[in-house]
1. I'm trying to understand the selection: among the residues of region 1-46, which are surrounded by 12 or more Cβ atoms within 10 Å (Cβ to Cβ), β-branched (Val, Ile, Thr) and under 20 Å from Pro236 (Cα atoms)?
2. Would you confirm, using the coordinates I've provided, whether Glu231 is within 30 Å of Gly126 (Cα to Cα) and modelled with pLDDT of 95 or more?
3. Do you know which of the residues in region 122-147 that are under 30 Å from Arg178 (Cα atoms) and among the aromatic types (Phe, Trp, Tyr) is surrounded by the fewest Cβ atoms within 10 Å (Cβ to Cβ)?
4. Please name all residue pairs, on different chains or six or more residues apart, with Cβ atoms under 8 Å, provided the first residue is in region 1-28 and is in a loop (DSSP other than H, G, I, E, B) and the second residue is of a type in the set (Lys, Arg).
5. Here are some residues: Glu70, Glu75. Which one is among the acidic types (Asp, Glu) and in contact with a Gly (Cβ under 9 Å, 6 or more places away or on another chain)?
6. Identify all residues within region 1-34 that are of a type in the set (A, V, I, L, M) and farther than 21 Å from Arg178 by Cβ; write none if there are none.
7. Looking only at region 91-121, count every residue that is part of a strand (DSSP E or B) and exposed (fewer than 13 other Cβ atoms within 10 Å of the Cβ) and tell me the total.
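The values are calculated or read from the model by the stated rules, or taken from the named source; none is laboratory data. Here the structure is a predicted model, which means the values were calculated and not measured. When we count neighbours, we look across all protein chains shown, and the Cβ atoms used for this are built from the backbone with ideal geometry, even at glycine.
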Amino acid sequence: MEPLLIKPGSGVLDGTRIPAYQNTWSMTAAWPDGRVTPRGMWYDEVSINSQGDIEILKREQRILYSNGQETLQVETVNRNTMQHLSLQIGNRGEALHTDLHYESNWVRGKKMYVIGGGAPLERLSGNFSIELEEPFFDWHLWGLLVAACPLELGFSGRFLAHESYSYLPGDFRWVTLRVAGTETIDCGSWGEQVCFVVSVAAEVPWKLWIAVRTDVARVQQICISYIDGSELWWRPELQQRS
């Protein structure tokens, strides 16, 4: 069956499937030779507020890397459509390298561009303004966009997304997701949770564990795979495993 085409305003995505929460992940890198190295801690918080007739989902993320670097990310989203209103990203003590503002099919501001053609890939911050012929999502929400879908066994969908911060060069990309099954995992302070296991084809292959319950933090575990066989993991705090 063809994946369901998901467009902003179509009613497929429902932000009420995402509650307010505070969550913490332990980040690791797993290498093809079997080594596992710590990368730091990722703190994720969602709050819900009202602005007139619109519910605003605000997401604040704080990343403490093992090398001492601290990155802050703050974004606001129309909870009804799951479209971005704003996004800011920067390192502690530095100017923002990403500062974006959105309106339906339009995004402007500055972001970090991934520059191809060299090894390793370079990142440069630059200003831009883009207007498409149709509205779009932003992949910076990653798991929250997936969690807002009507997930069930066998569900698959695809949507057009802007890449405000990407692992590979690109500005827009079709993101395709598929619910591959369910798995019960230890989710730290959330206890054991039954999760949908969702495979996502984006700039790199993603695997997301999305809690079936909608009254807990939905995105419980993440794995990103690279062509060289390495993996980046986000696991519930105190549940770091190799």
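1. Ile18, Thr24, Thr28, Val36, Val46
2. On the way: within 30 Å of Gly126 (Cα to Cα): yes; modelled with pLDDT of 95 or more: yes.
So Glu231 fits the description; yes.
3. Filtering region 122-147 down to residues under 30 Å from Arg178 (Cα atoms) leaves 130-147.
Checking which are among the aromatic types (Phe, Trp, Tyr) leaves us with 136-137, 139, 142.
Working: Phe136: 21, Phe137: 23, Trp139: 23, Trp142: 18.
Ranking the candidates gives Trp142 first.
4. Pro3/Arg158; Pro3/Arg178; Ile6/Arg158; Ile18/Arg79; Ile18/Arg218; Pro19/Arg218
5. Working: Glu75 fails: in contact with a Gly (Cβ under 9 Å, 6 or more places away or on another chain).
None of the other options fit; the residue is Glu70.
6. Restricting attention to region 1-34, the residues satisfying the condition of being of a type in the set (A, V, I, L, M) are 1, 4-6, 12-13, 18, 20, 27, 29-30.
Those that are of a type in the set (A, V, I, L, M) and farther than 21 Å from Arg178 by Cβ: Ala20, Met27, Ala29, Ala30.
7. At the first step, the residues of region 91-121 found to be part of a strand (DSSP E or B) are 91, 98-103, 106-115.
Then keep just the ones that are exposed (fewer than 13 other Cβ atoms within 10 Å of the Cβ); that gives 103, 115.
Residues meeting the conditions: 2.
Every residue, every condition in (1) of a type outside the set (Val, Ile, Thr); (2) out of contact with any helix residue (DSSP H, G or I) (no Cβ under 8 Å at 6 or more places or on another chain), yes or no:
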| site | (1), (2) |
| --- | --- |
| Glu75 | yes, no |
| His84 | yes, no |
| Asp99 | yes, yes |
| Ala119 | yes, yes |
| Ile130 | no, yes |
| Phe136 | yes, yes |
| His140 | yes, yes |
| Ser164 | yes, no |
